[in-house]
Amino acid sequence: MSAPRLEIRLDRIHHNAKALVDRLALLEIGVIGVTKAALGLPEIARELVRAGVTGIGDSRIENIETMRRAGLPCEFTLIRSPMISQAERVVAHADVSHNTEIDVIERLSLCAQAQGRTHGVLLMVELGDLREGILPAQLPELVGRVLRLPHIAFRGIGTNLACQSGVSPDQANMEALSSLADSLEETFGVEVETVSGGNSANLGWALGTTDARRINALRLGEAILLGRDPLHRKAIEGLYTDAFGLVAEVIECKQKPTRPWGELGQTAFGPARERTDCGLISQAILALGRQDVDPDGLEAPDGMEVLGASSDHLVVDTGTSSLAIGSEVTFQLNYSALLRAMTSPFVTRAMSKGDGEAADRSLTSGGRAA
């Protein structure tokens, strides 16, 4: 098979999604499966739907269009505020979109009217992370304007935390969002159908609380795909962390000094990383680079260490191993590395269902297959 390639275990993605859907159902919280890091691959989205997610969310309308063409039977939500220039496409292919700007919502209304459709709008509220969101004091005015727009259905409110500034979801900010939902219902006499508490970073709060209050939806991507809690990058108990593996081919393997020689300047990507002098090491170069992946997000196999990367070369200390030319090395990925690898035209994909029984036996309490 060609390399570099992403090897994708669909059965493990399904397992992770099903486990989280079942756990959160105990709190009456539904799961929106987020596919943006998977480039909206219909095969992955289909596993999420089979696992019981209430819908699929993606930040790119192009990905939603791809999944629509694949005939997936679910509700689609655009989880990034729509570009006003794409309003017609958003209405045509997304059932719901996250919004913060009245100008955009008015354009969505016009496009929905022209298409004879009703488009759902979920208003995002700023609760401290300083990415997208309406300030709480300004929310009632915007809701009042949205409710008057034709062909627009006010679906609820949501928030996003831990993405821009690392603000952690907790009982206080989830209570604040719940209270806003209560207040809107009292003020306008409408049902706030959805109160979307956030993303995978909310799992620590959600799985540790006994009262989710009004929070009835979470948008989960990283936790399902990689089995990790984004706040602390820790494996979530009972989930697989190796549903994805990035395979690269060795194109050079030589004994080399650990430290460079000559007058040093910056590399093509900024200052070079300081390297401790350990004498000669076994150094391999793999046909993989920054154009394909975020090298800082790669986890090398035991006994190996990623030393650096240029556009097209990944340099690895292979430890006691001397790798044959043409052999392959499989790396685990974090969210940043997965996102870039999925969007590289040079990285192919190999998807498999796997052996379900063997997968069950290999699952550890820490979440990574043995």
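Every number in this text was worked out from the coordinates using simple rules, so none of it is lab data. Keep in mind that what you see is a predicted model, and the values were worked out from it rather than measured. Heads up, the Cβs are rebuilt from the backbone with ideal geometry, glycines too, and the neighbour counts pull from every protein chain shown.
Structure above, values below:
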| quantity | calculated |
| --- | --- |
| Ala70 paired with Lys234, simple spin-label distance in nm, labels 7 Å along Cα-to-beta-carbon | 3.3 nm |
| Residues of type lysines that Lys18 reaches as a straight line, Cα spacing below 27 Å, ignoring anything fewer than 8 places off in the same chain | Lys36, Lys234, Lys353 |
| Highest to lowest packing among 24-36, 110-122, scored as the average C-beta count within 10 Å | 24-36, 110-122 |
| Value at 222 nm in deg cm²/dmol, rounded to 500, when DSSP H runs of n ≥ 4 in the chain each add -39,500 (n - 2.57) | -8500 deg cm²/dmol |
| Spatial separation of Cα centroids for region 42-79 and region 335-352, in angstrom | 18 Å |
| Dipole magnitude of region 5-93 about its Cα centre (Cβ charges: Lys, Arg +1; Asp, Glu -1), debye to nearest 20 | 180 debye |
| Nearest-ten-degree value, helix 10-25 long axis tilted from longest Cα axis of the chain | 40 degrees |
| Förster radius 35 Å - calculated FRET efficiency between Glu43 and Ser322 (Cβ-Cβ, nearest 0.05) | 0.40 |
| Principal-axis tilt of helix 171-188 within the chain, Cα atoms, nearest 10 degrees | 30 degrees |
| Global geometry of region 35-190, whether rounded, prolate or oblate, following the gyration tensor of its Cα atoms and the 1.5 cut on a/c | oblate |
| Packing rank of 270-282, 68-80, where each peptide gets the mean count of other beta carbons within 10 Å, highest leading | 68-80, 270-282 |
| Cα-centred dipole magnitude for the chain, charges only on beta-carbon of K, R (+1) and D, E (-1), debye, nearest 20 | 600 debye |
| Filtered GluC sites (Glu not before Pro), region 150-231: DSSP coil and at most 15 other beta carbons within 10 Å | Glu191, Glu193 |
| Spin-label pair Thr118/Ala137, simplified geometry with 7 Å Cα→Cβ offset, distance in nm | 3.5 nm |
| Cα-projected label distance for Phe346 with Ala287, points at 7 Å along beta-carbon direction, nm | 1.0 nm |
| Contact order relative to length of region 244-333, as percent, for alpha carbon pairs under 8 angstrom and 6 or more apart | 40 percent |
| Summed side-chain charge close to Ala324 - residues other than Ala324 whose Cβ falls under 12 Å, Lys, Arg +1, Asp, Glu -1 | -3 |
| Region 244-333 shape via C-alpha gyration tensor axes, a/c threshold 1.5 | oblate |
| Length gained when the stretch Ile251-Ala176 is fully extended (0.36 nm per residue, less Cα-Cα span) | 21.5 nm |
